[in-house]
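Novice: I'd like to ask you about the structure that follows.
The values are calculated or read from the model by the stated rules, or taken from the named source; none is laboratory data. All values reported here derive from a predicted model rather than from experimental measurement. Quick reminder, even Gly has a Cβ in these numbers, built from the backbone with ideal geometry, and neighbours come from all protein chains shown.
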Amino acid sequence: MLSNCKCLVTGASSGIGAATCRVLRAHGATVVGVGRQEAALQSLQSDGHLDSYIIADLTEAGACQKVVESAIQSLGGSLTTLVNAAGVLRGGAVGDPKTDLSNYNFNFQINLQAPFELVHYALPYLKESAKLHEKKAIASIVNVSSVNGKQSFAGCATYCMSKAALDQFTRCASVDLAPFGIRVNGVNPGVIETNLQTTGGLSTDQYEAFLKRSITTTHPLAATLQRVGQPEEVGELIAFLVSDKAQFLTGECIAIDGGRQNLGAR
């Protein structure tokens, strides 16, 4: 299904990024993963879910350019697919003293600036891939956003802002890059069982309560399934978006949230 895809996936150390690597590789893609946790990336490679990996902190000056250059070398000089899956969450309500510029920068540097930079440096290679395949839409970008980009939530203003801006970047880029045969789409997960919330500050008990409420109250389909979303489910959606089956699909920000965005605040 994806044997002609040469992919660069950020956030590959854990969560949706790691699951996306596993899914893309299972569908035959060549995959380079980027992350900060070397042990996790080594394990993915050892298990056959990565062809190679790059250790990088995407917030460091020049890191995004170096990541793209390293990935191109690992992929034999070409790139068809960029998946921006790296993401962070630091909460804070408007008016709360802790919701300061450092809070804003923390969320925006990874959730928006890094994808913008990576797209910028990856574009020459994506354009070349599209040209070689006669603009048959093999080249594509997928940005991993959030349901928070589609809907406002209390207590996480700058996170919601960063994801809404990422969605707009997705839509703008889809228009600008369509003439080159490059598709750009986004996925907007609801609550997915990853470490995002715990690394964002929730304790184990708080996270368990958060998952329980997500199942019983805020995600309609989760109540039926008796579970929240799984990272591989997002990975499968991404695999479809980068595949030949989605050749006429661009500029979409697709919610995979068990109905969360349709329920409203509860």
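Novice: Looking only at residues in region 124-134 that are part of a helix (DSSP H, G or I) and not basic (Lys, Arg), which one is surrounded by the most Cβ atoms within 10 Å (Cβ to Cβ)?
Specialist: Ranking the qualifying residues of region 124-134, first place goes to Leu126.
Novice: While we're here: For region 154-195, name all the residues that are surrounded by fewer than 22 Cβ atoms within 10 Å (Cβ to Cβ), free of Cβ contacts under 8 Å to residues at least 60 places away in the same chain, in contact with a Lys or Arg (Cβ under 9 Å, 6 or more places away or on another chain) and over 28 Å from Ala223 (Cα atoms).
Specialist: Answer for region 154-195, where residues must be surrounded by fewer than 22 Cβ atoms within 10 Å (Cβ to Cβ), free of Cβ contacts under 8 Å to residues at least 60 places away in the same chain, in contact with a Lys or Arg (Cβ under 9 Å, 6 or more places away or on another chain) and over 28 Å from Ala223 (Cα atoms): Pro179, Phe180, Gly181.
Novice: Related question: Report whether or not Tyr121 is of a type in the set (Phe, Trp, Tyr), farther than 30 Å from Asn4 by Cα, in contact with a helix residue (DSSP H, G or I) (Cβ under 7 Å, 6 or more places away or on another chain) and surrounded by fewer than 21 Cβ atoms within 10 Å (Cβ to Cβ).
Specialist: No, not satisfied.
Novice: Please go through (1) in contact (Cβ under 8 Å) with a residue 40 or more places away in the chain; (2) surrounded by fewer than 18 Cβ atoms within 10 Å (Cβ to Cβ) for His219 and return the number of the only condition it doesn't satisfy.
Specialist: (2)
Novice: Among Ser214, Ser174, which is the only one that is over 16 Å from Leu241 (Cβ atoms) and either part of a helix (DSSP H, G or I) or in contact with a helix residue (DSSP H, G or I) (Cβ under 9 Å, 6 or more places away or on another chain) (or both)?
Specialist: Residue meeting the stated conditions: Ser214.
Novice: Identify the single condition in (1) of a type in the set (A, V, I, L, M); (2) farther than 28 Å from Ile54 by Cα; (3) in a helix (DSSP H, G or I); (4) in contact with a helix residue (DSSP H, G or I) (Cβ under 8 Å, 6 or more places away or on another chain) that Ala165 does not satisfy, given that it satisfies every other one.
Specialist: (2)
Novice: If you check Val119, Val68, Val88, which single one turns out to be closer than 23 Å to Phe248 by Cα and either modelled with pLDDT under 95 or not small (Gly, Ala, Ser) (or both)?
Specialist: Of the residues listed, the single one that is closer than 23 Å to Phe248 by Cα and either modelled with pLDDT under 95 or not small (Gly, Ala, Ser) (or both) is Val119.
Novice: Among Gly62, Gly76, Gly95, which is the only one that is loosely packed, with under 15 Cβ neighbours inside 10 Å, modelled with pLDDT of 95 or more and closer than 22 Å to Ser243 by Cβ?
Specialist: Gly76
Novice: List the residue pairs whose Cβ atoms are under 6 Å apart, where the first residue sits in region 90-103 and is farther than 9 Å from Gly155 by Cα, the second is exposed (fewer than 11 other Cβ atoms within 10 Å of the Cβ) and at pLDDT 95 or above, and the two are 6 or more positions apart or on different chains.
Specialist: Cβ pairs passing all conditions: none.
Novice: Within region 192-202, is there a residue that is of a type in the set (A, V, I, L, M), modelled with pLDDT under 95, farther than 18 Å from Ala85 by Cβ and assigned to a loop (DSSP other than H, G, I, E, B)?
Specialist: Yes, because at least one residue in region 192-202 is of a type in the set (A, V, I, L, M), modelled with pLDDT under 95, farther than 18 Å from Ala85 by Cβ and assigned to a loop (DSSP other than H, G, I, E, B).
Novice: If you don't mind, there's one more thing I want to ask. Testing Ser203 on (1) on the phi < 0 side of the Ramachandran plot; (2) in contact (Cβ under 8 Å) with a residue 12 or more places away in the chain, one condition comes back false. Which one is that?
Specialist: So the condition that Ser203 fails would be (2).
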